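Notes to accompany the following structure.
Any read-out appearing in this document is the output of simple, stated calculations on the displayed coordinates, not a laboratory observation. As the structure is a computational prediction, the values presented were derived from the model and not from experiment. As a convention, Cβ positions derive from the backbone with ideal geometry for all residues, glycine included, and neighbour counts pool all protein chains shown.
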Amino acid sequence: MADVTLRKVIKRYDEVEAVRGIDLDIADHEFVVLVGPSGCGKSTTLRMIAGLEDISDGDIMIGGDVVNDVPPKDRDIAMVFQNYALYPHMTVAENMSFGLRLKRYPKAEIKSRVDEAARMLDIVELVDRKPKQLSGGQRQRVAMGRAIVRNPKVFLFDEPLSNLDAKLRVQMRIEIKKVHQKVRTTTVYVTHDQVEAMTLADRVVVMNHGRIEQIGTPNELYHKPATKFVASFIGSPAMNFIPCRLEDLAGKLHVRLTDRTTFPLPPARAARYQGVPRSDKLLLGLRPEHITEARPHLAPGVEAFDAVLDVTEPMGMETLIYFTLEGSQVCGRVNPNAGAQDGAPLRLAVDLNNMHLLNEVTGVVL
Amino acid sequence: MASTVVIDKGAPTRKVKYGSMSRDRAWALRWSYFFLIVFAIFSLVPPLYMLITSLKSSAEISAATNPWWVFHPTLSNYIELLTSNQFLTFFWNSAWVSIVVVTITMLISVPAAFALSRMRFWGSATLATGVFLTYLIPDTLLFLPLFKMFAAFGDWTGIPLINRWYVLLIVYPTLTVPFCTWIMIGYFASIPKELDEAAIIDGASWFQTLTRIFIPVAMPGLIAATIFAFTVSWAQFLYPLVFTTSTDQLVLPVGIITTLIKGDVFNWGQIMTGALLGAAPPLIIYAFLMDYYIAGLTAGATKG
């Protein structure tokens, strides 16, 4: 077990900078997820921690030791790959014990470790099978088993669930979380799936264009995104962004969406945004759950307005509604009994206590 | 009522579509069988003729009877050849040369292919192409310069290479190593990159990755390369004809031609028998290794 530290880590491929100076501190026992769209540098970062890619600049430390020039096998890490990467000619037990056998562990110890990992992952009856006789989920369990038996300082996961179908993915996600609760090994996990990131991580690192956009707990990222990228990447359906301006009307700060639509800001928000120049082009960021059907008595900071729905998506426990506001498509979440119908008008309420205000040009959340 | 109409409408369209598909497939099957039969006849007639002739006496061969039928079958050709020391010497020379050449080839081309396909070093791609290009140079262009080189080497060091069977151990790998390296590069390249990365993280050295992961996983390719190297060394004709002349140094293909054709007298019965016996070892090896050759061992390594 160990902490992992990245200091100004850069990866250059010829002229292209895939990773542009990353600083990251991962504490012992922590489960950190690197998330971002493809090509954001998250996999490259993981592979640099593994030692599979050289770093062009900066330092990587595992357990306090700089490992920049340490080969992968001496870093005491284990990695689980997207395509499992099981050795096809070996049985499950041989796959799991390969690393230990190379290090010439005593046979009895190898057996007990493999048995324990197999029990933990519920693959005891599979240990004598070859990988081709296993399903995708079972193969991924074996790949995890191979990592666990080594009892390494750090687990590295490179999109381990991407090849599984949706149902199995949810199941394996829980499985990974359970394993981490048991072994408590420091884990760095790469995914492009924000749901996986949110559900698994102690802390999430959102990456974009080779840089870290924001580091935080899942809740911090969801409720206090730092940039438009994070705000739109985390959460599904994504946050709505509606062009707007701030305006002083009758001594109160308002947000103006259209010529006809303005909403007064609740006092806390008004105080926070008082210093924003009124001429700035802004975006009003609203999560779908903060646009709901209007109730007879509106809470403070909740404002009602009318909209004509374009599309409704009944999800069972809620109905997603889509309507157009000043050229932007907006998504809201209403009660299934709210009477939302395709093409029909509906009185909606927007909860401005949970609004975000972004600078349209810089993308920074104000 | 309405549902009946739907079924009536749906059924014929589906039938027509399905029918046309299976008709196409049936035609494809017929054509492939036609060409397979033509090809089989084309390649099986010469060995059949060899077999027929090998069972005839010299008198029957030269008699004006139906050449496709044996009227008085005899094993005399086989007995004579298998009891002649000369033929057995050719056979053993061939076997020795082939086995040693296969070993040398594999010892060189497997690590070479591994290095060229996996260790990205400066110029590795160019080198890989270069290896293949060497294979494209025909041996008919090379035997004269090679002869001069070997003769000069003999004069210079006093170690005779010309007219020694072991000169073939130096010459044959120039044919087998490039091609086998090329085959193995292809096989190694088909092994997912993550497999060696997993091995490296598990603590394997390059050598362990090669011996414990790559060689077992690429076994079909390895066997294909082995078969190729064996066939080339067993059947090679030009080089042994040029480099060896004494009967005790000859390998089978050259031995049969030079000892069984005396001037303008062709001992057809024994030539055919010798050729048939000479063709047997590669056939036996093919038969044994075919299962491995076809089996894909990479199944299950990664997704799919």
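Which of the residue pairs A:Lys153/A:Lys182; A:Lys153/A:Lys177; A:Lys42/A:Lys167; A:Lys228/A:Lys252 have a Cα-Cα distance greater than 22 Å in the structure shown? All intermediate terms of the calculation are to be shown ahead of the outcome.
Numbers: A:Lys153/A:Lys182 15 Å; A:Lys153/A:Lys177 17 Å; A:Lys42/A:Lys167 25 Å; A:Lys228/A:Lys252 26 Å.
Check vs 22 Å cut-off fails for A:Lys42/A:Lys167; A:Lys228/A:Lys252.
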Rg and Dmax of chain A, Cα atoms, in Å? 24.8, 82
What average number of partner chain Cβ atoms lie no more than 10 Å from the Cβ of the residues making up B:190-200? 6
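Pop the C-beta distance of B:Thr211 and B:Thr245 into the FRET formula with R0 = 30 Å and round what comes out to the nearest 0.05. Working shown, then result.
Working: r = 42 Å, r/R0 = 1.39.
Here the calculated transfer efficiency is 0.10.
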Within the range B:102-137, list the chymotrypsin sites (Phe, Trp or Tyr not before Pro) lying in a DSSP loop whose Cβ has at most 16 other Cβ atoms in a 10 Å radius. B:Phe121, B:Trp122
On each of the three principal axes of the Cα atoms of the protein assembly as shown, give max minus min coordinate, whole Å, ordered largest first. 125, 80, 51
Approximate spin-label separation B:Phe132-B:Ser62, in nm, with each point projected 7 Å along Cα-to-Cβ: 5.3
If exposed means trypsin sites (Lys or Arg not before Pro) lying in a DSSP loop and surrounded by at most 15 other beta carbons within 10 Å, then the longest stretch of chain A lacking such sites spans residues A:1-102
Counting other C-beta atoms within 10 Å, which of A:Val9, A:Val92 has the fewest, and how do the rest follow? A:Val9, A:Val92
Mean separation of Cα pairs under 8 Å and 6+ residues apart, divided by the residue count of the range A:240-359: what relative contact order is that in percent? 30
The set of residues whose placed amide H lies less than 5 Å from the amide H of A:Val190, leaving out same-chain residues fewer than 5 positions away, is A:Leu34, A:Phe157, A:Asp158, A:Glu159
Here the range A:1-159 gives, from Cα atoms, an Rg and Dmax in Å of 16.8, 51
Express the relative contact order of the range A:161-221 as a whole percentage, based on alpha carbon pairs under 8 Å and six or more residues apart in sequence. 20
For the range B:23-182, diffusion coefficient by Stokes-Einstein and Kirkwood Rh (Cα), 20 °C, 1.002 mPa s, µm²/s: 102
Only helices at least 15 Å long along their axis, Cα-based, and averaging 1.0 or more on Kyte-Doolittle count here, so list those DSSP H runs from chain B. B:85-118, B:124-136, B:167-189, B:219-235, B:268-294
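Find the percent of Cα-Cα distances in the range B:77-294 that exceed 31 Å, and round it to a whole number. Write out the running numbers ahead of the final one.
Working: 7626 of 23653 pairs.
That fraction is 32 percent.
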Residues of the range A:310-350 with amide N under 19 Å of the 7 Å Cα→Cβ point at A:Glu360: A:324-331
Per residue of A:77-84, other chain Cβ atoms within 10 Å number on average 5
Dimensions (Å) - the range A:189-266, Cα atoms, principal axes, largest first: 51, 22, 21
Scalar couplings 3J(HN,Hα) for the range A:135-140 by Karplus 6.51 cos²θ - 1.76 cosθ + 1.60 (θ = phi - 60°), nearest whole Hz, x for Gly and Pro, are 7, x, x, 5, 4, 5
